[in-house]
Amino acid sequence: MSLSLIAKSINASPTLALNEKFAILKQKGDPVIHLGGGEPKSKVPMDALLATASHLNTAEVRYAPADGIPSLKQAIIRYTEEFYNRKVDPENIIASGGAKQAIMVALQAILNPQEEVIFPAPYWVSYPDMARLCGAIPVPAHPEDGGFYPRLKDIEDRVGSYTKAVIINSPNNPTGAMYSEEFISDVVQFCEKKDLYLIMDDIYHRLIFDGKKRLNAYDYAKKLDENSKLIIINGVSKQYAMTGFRIGWAVANKKLIEAMSNIQGHQTSGPSVLLQKAAVAAINGIQSGVEALRATLENNRNVMLDMLNSFEGVKVTKPDGTFYCFADFSVYNKDSNKLSEMLIDKVQVLTVPGAEFGLEGFLRLSYCGTIKDITEGIERIKWALDLNSPNELYIGDRKLVRDWA
Ligand SMILES: Cc1ncc(COP(=O)(O)O)c(C=O)c1O
């Protein structure tokens, strides 16, 4: 079969294969635990549900402007004022099918084939393939000190004549690391100086712990005019537990937003009006659910961290935000895909291999589920790996006997 070069360059996701395995086991009635999730388990805000229902009741669900309905743009303007202390115009905003599409159309609007996009590693799984979808080249930047907190030098060292953009995701998926103020300030000013686009993927910016202060890239920018190459990405998926609504947005200069809107107009004609109405209601509605989610996640993080810290050989860095813990299991297996497969096969716990995020020997463990899932899931992993634990484990009334070394 003749496929395009781009299609051939896009990788299948091992996570999807693991998810499929999980679904099959679950359907069989097996007691599987999902520690691989990327979405909060809290309920969609009532305001969002009522707004969706009320629009649906009109029985008129039509095409909408490709770059977002005016009321959503107004809600995003208010959000940008509240959380970024910045006044923007409707023409500075595009609403997309999730933060994912907002990032994708931004990359399509700025990248030429063979140009390069730099992002710190470990990174969100989609960045490399999004760059490849534009015919561009992903350039992961592994911090020189081997940790999760990059320094400007890690980015600087990878900049060349083909570099077009930098993507920063903080707090970060998969590590939960919230990058330092010094780094964010350095990178904003460095990109301005080098005339590079800077995409700030802020999708987890309200889900931060330990009283940490939210960082805002605009605070460090010197050239905030209509030629600014700073692009802010956000959305409703994580903070409002509205992953299925697929609404995200970008805030950027007007020319870029126009180009992105043209691209999006031909791709999808923009996100569904029904779901945009839900997003407006979530953004403008009662916000207590966001704080409740944040506090629950912080508590879940503490529980997971305590358990992992008592796990001999496993190295953990305390996540500052998100709902992921990225732990070093390399003492048990340096091949994270094999380790993850073994855990689903032997003790029916789904984890995401570190290789997916550009770092071998690690597993990403999510704490967005219940405390019961977290504690039972980690206990099972510990039993499977720690050969000092008893030879038998009960899952419900099912007895597992460890027959591997
Ligand atoms: C870092 C990061 N950016 C963007 C997204 C995409 O969010 P959305 O559901 O709004 O497309 C995710 C989702 O997992 C993410 O982890």
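The values are calculated or read from the model by the stated rules, or taken from the named source; none is laboratory data. Everything quoted here is computed from the prediction, not taken from an experiment. Glycine also receives a Cβ, built like all others from the backbone with ideal geometry; neighbour counts cover every protein chain displayed. The accessibility values were calculated without ligands, DNA or RNA, using every heavy atom of the protein model including side chains. Shrake-Rupley method; radii C 1.70, N 1.55, O 1.52, S 1.80 Å.
A few points about this structure:
- Taking first residues from the range 376-390 that are free of Cβ contacts under 8 Å to residues at least 60 places away in the same chain and under 13 Å from Leu400 (Cα atoms) and partners that are surrounded by 14 or more Cβ atoms within 10 Å (Cβ to Cβ) and charged (D, E, K, R), the Cβ contacts under 9 Å between residues at least 6 apart in sequence or on separate chains come to Trp383/Arg402; Ala384/Lys346; Ala384/Arg402; Ser389/Lys382; Ser389/Arg402; Pro390/Arg402.
- Residue within the range 296-314 that is in contact (Cβ under 8 Å) with a residue 60 or more places away in the chain, within 13 Å of the ligand (Cβ to nearest atom) and open to solvent by 20 Å² or more (accessible area, probe 1.4 Å) present: no
- Single residue of the range 1-20 satisfying the filter (part of a helix (DSSP H, G or I) and open to solvent by 70 Å² or more (accessible area, probe 1.4 Å)) that is nearest to Asp345 (Cα to Cα): Glu20
- Identity of the residue in the range 184-204, part of a helix (DSSP H, G or I), of a type in the set (A, V, I, L, M, F, W, C) and under 13 Å from Ile118 (Cβ atoms), that ends up farthest from the ligand (Cβ to nearest atom): Phe190
- Residues that are part of a loop (DSSP other than H, G, I, E, B), in contact with a helix residue (DSSP H, G or I) (Cβ under 9 Å, 6 or more places away or on another chain) and open to solvent by 10 Å² or more (accessible area, probe 1.4 Å) within the range 206-215 comprise Arg206, Asp210, Lys213, Arg214, Leu215, listed in sequence order.
- Asn234 vs. criteria buried (at least 23 other Cβ atoms within 10 Å of the Cβ) and assigned to a strand (DSSP E or B): yes
- In the range 322-341, residue farthest from Asp30 (Cα to Cα) [restricted to those that are touching a residue at least 60 places away in the same chain (Cβ under 8 Å) and either of a type in the set (Ser, Thr, Tyr) or open to solvent by 40 Å² or more (accessible area, probe 1.4 Å) (or both)]: Thr322
- Criterion (in contact with a Cys (Cβ under 7 Å, 6 or more places away or on another chain) and surrounded by fewer than 23 Cβ atoms within 10 Å (Cβ to Cβ)) met by exactly one of Leu107, Leu111: Leu111
- Hey, Leu224 under 17 Å from Val88 (Cα atoms) and at pLDDT below 95 or not: yes
- Some residue of the range 63-86 being at pLDDT 95 or above, farther than 25 Å from Leu224 by Cα, open to solvent by 10 Å² or more (accessible area, probe 1.4 Å) and β-branched (Val, Ile, Thr): yes
- Any hit, the range 145-162, residues being at positive phi, open to solvent by 10 Å² or more (accessible area, probe 1.4 Å) and not hydrophobic (A, V, I, L, M, F, W, C): yes
- Listing of helices (runs of 4 or more DSSP H) fully contained in the range 65-180 that carry 3 or more residues being within 16 Å of the ligand (Cβ to nearest atom): 70-84, 98-110, 126-133
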